[in-house]
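Report on the following structure.
The values are calculated or read from the model by the stated rules, or taken from the named source; none is laboratory data. For clarity, every value in this text was computed on a predicted model and none was experimentally measured. Ideal geometry is used to build each Cβ from the backbone, glycine not excepted, and the neighbour counts take in all protein chains shown.
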Amino acid sequence: KAKETSGSHFEFYTDILKDSIHREFMIRNFLNRAIESDEFILHYQPIIDLKSLSIVGSEALIRWNQPNLGFLAPVQFIPIAERTGDIDAIGKWVLKEACIQTKKWQEDGFGDLSISVNISVKQLENKLFSHTVIKTLNEVQLSPEYLYLEITEESSISDSIKIQENYNKLTEFGVHFSVDDFGTGYSSLSKLNELRIDQLKSDKSFIDDLEVSKKIVDTILSIGKNLNLSVVAEGIETKEQLQYLIGNGCDLGQGYLFSKPKSSLEYEKMLKRNYFKSFLI
Ligand code: C2E
Ligand code: MG
Ligand code: MG
Ligand code: MG
């Protein structure tokens, strides 16, 4: 695009602003056709039992292969999908796809793998949410005990009646709830107990910066112990971090040290090996 006037800073920044508005506009437009065009895929990252160092579950993480925009990470489109309302349909697709895949892995003899699915607060506010989850589990014939719904601290403290009802129906049905990025928001400890939360995932920033955050990690581990919740340490990248967590009684771990999120094909190759003992040496 030719510039007639001499290039001012002002012009430069409005160009950037226009670009980002234009980009959001395109993403909004492309979003609603993305499911039918089969543009989303799930990657899976293993959740490791830190006693046996074996894979006990997987977290499903969405990616978007958009023909015009390329390969998009969830931060680039999930917040927009939450604003447009597309998150309900996307979330439904993620849940079904993740459950089908997990059922298949279980049937193929990879063990009693659980599946963790990220849920936006917007989805939980939809009064049909629990119905959708139960219907999906029934259709796929996956037992509810294998499903962990990862929610944010924001939804764990909500007083919304719809959210409460969804929780109650789903916990009654046997689905587990996990609080993601724990320690960065405002969970209330009594609420965690009241809501029958099963698991905490400590935010990866604490593990990144373990030198500085040891006391926070220790505190999260003891909250887990005292409230009888399992704790997943997210973002384990080094053997030193792993050793520390094992030494301090952390149950479960996830991170690039074990594996980055992988396509189902690559993930399955890893399931066949399922061997992380060498990480202790
Ligand atoms: P999250 O649920 O906290 O997921 C963990 C993120 O950390 C993932 O990024 C994962 O790739 C990354 N990660 C895992 N281990 C390591 C590590 O050792 N080092 C580093 N540096 N990063 C690590 P990803 O896949 O980009 O997802 C980002 C966020 O997007 C997720 O954070 C989750 O909040 C959201 N998200 C992903 N999939 C979905 C989905 O299907 N639905 C909804 N509502 N949100 C999703
Ligand atoms: Mg998560
Ligand atoms: Mg997290
Ligand atoms: Mg997150």
Just checking, how many residues over segment 178-194 are surrounded by fewer than 22 Cβ atoms within 10 Å (Cβ to Cβ) and either within 22 Å of SER143 (Cα to Cα) or among the aromatic types (Phe, Trp, Tyr) (or both)? 1
Quick count over segment 126-146, residues being among the small types (Gly, Ala, Ser) and buried (at least 18 other Cβ atoms within 10 Å of the Cβ), is 1
State yes or no: is GLN123 more than 16 Å from ligand 4 (Cβ to nearest atom) and surrounded by 18 or more Cβ atoms within 10 Å (Cβ to Cβ)? no
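Among what's in segment 185-202 and is within 11 Å of ILE220 (Cβ to Cβ) and polar (S, T, N, Q), pick the residue that is farthest from ligand 4 (Cβ to nearest atom).
Per the criteria, the residue is SER187.
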Pick out, from segment 161-276, the helices (runs of 4 or more DSSP H) lying fully within it that include 2 or more residues that are within 27 Å of GLU107 (Cα to Cα) and of a type in the set (Ser, Thr, Tyr). 264-273
May I ask you to say which residue of PHE129, PHE110 is of a type in the set (Phe, Trp, Tyr) and more than 30 Å from GLN243 (Cα to Cα)? PHE129
When (1) surrounded by 22 or more Cβ atoms within 10 Å (Cβ to Cβ); (2) away from ligand 1 (no atom under 12 Å from the Cβ) are applied to SER155, the one that fails is (2)
Considering only segment 43-141, give the strands (runs of 3 or more DSSP E) lying wholly within it that have at least 3 residues that are within 21 Å of PHE182 (Cα to Cα) and either in contact with a Pro (Cβ under 8 Å, 6 or more places away or on another chain) or in contact (Cβ under 8 Å) with a residue 40 or more places away in the chain (or both). 54-66, 114-118
Which condition from (1) aromatic (Phe, Trp, Tyr); (2) more than 21 Å from the chain's Cα centre (by Cα); (3) buried (at least 21 other Cβ atoms within 10 Å of the Cβ); (4) over 27 Å from ALA98 (Cα atoms) is the one that PHE206 breaks? (2)
Only one of SER190, SER213 is away from ligand 3 (no atom under 16 Å from the Cβ) and either at pLDDT below 95 or of a type in the set (Gly, Ala, Ser) (or both), namely SER190
